[in-house]
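J.: Quick one: the structure is below, and I'll ask about it shortly.
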Amino acid sequence: MRVYVDTETCGLHGPVVLLQYAFGDRSIQLHEVWKEPVGDTLELLTELCQHDVIGFNLAFDWFHINQLYNCLSLLDKSNPPNIKQYAAIESEARNGLCLKPRGCLDLMLHAYK
């Protein structure tokens with residue numbers, strides 16, 4: 001199944017604040033990272049990897065998804081993330097996992113062809 005993904009971040013280098021996604025032809029869902037328990041966000045990110053991911057400028061979005069996953073994996077799973085804790089562990093999280101979707105299509109790169 002295809003999943004359409006977009007992230008909203010705080011500037012170019014800041015953390016993800018909103019994940020927008022849609023599985024197949026289902027309606028678009030919004031996931032507010034800083035209001036949801038860390039465990040729920042990690043489950044969602046893991047679920048995205050089980051599908052073919054489609055997005056515009058996916059290289060940018062997927063970098064931030066990886067950064068988000070690795071930072072959140074070091075935090076308490078039962079509560080929403082705390083920005084001070086997130087900032088404190090961000091450099092440590094750089095050595096984390098590389099999430100890989102089943103397949104992907106970056107619409108921006110495809111349009112450049």
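J.: Can you give me the relative contact order of region 1-74 as a percent, contacts being Cα pairs under 8 Å and 6 or more apart?
T.: Relative CO of region 1-74 lands at 35 percent.
J.: Can you list residues from other chains, or at least 5 along the same chain, whose modelled amide H is less than 5 Å from the amide H of Gly96?
T.: It is none; the list stays empty.
J.: Also, I was wondering about something else. Order these peptides, 107-113, 79-85, by their mean beta-carbon neighbour count within 10 angstrom, highest first.
T.: Ranked by mean Cβ neighbours within 10 Å, highest first: 79-85, 107-113.
J.: Follow-up. Counting only heavy atoms of protein chains, what accessible area per residue, in Å², does region 45-113 have with a probe of 1.4 Å? Walk me through the numbers before you get to the answer.
T.: Working: 4230 Å² over 69 residues.
On a per-residue basis, region 45-113 sits at 61 Å².
J.: Still on this structure, I have one more. Based on DSSP H assignment, which helices of the chain show an axial Cα extent of at least 18 Å together with a mean Kyte-Doolittle hydropathy greater than or equal to -1.0?
T.: The qualifying helices are 58-72.
The values are calculated or read from the model by the stated rules, or taken from the named source; none is laboratory data. Predicted model, so just to flag it, every value in this text is computed and none were measured. Counting neighbours? That spans all protein chains shown, and the Cβs are built from the backbone with ideal geometry, glycine included. The protein model used for the area step is the full one, side chains on, heavy atoms only, and it has no ligands, DNA or RNA in it. Shrake-Rupley method; radii C 1.70, N 1.55, O 1.52, S 1.80 Å.
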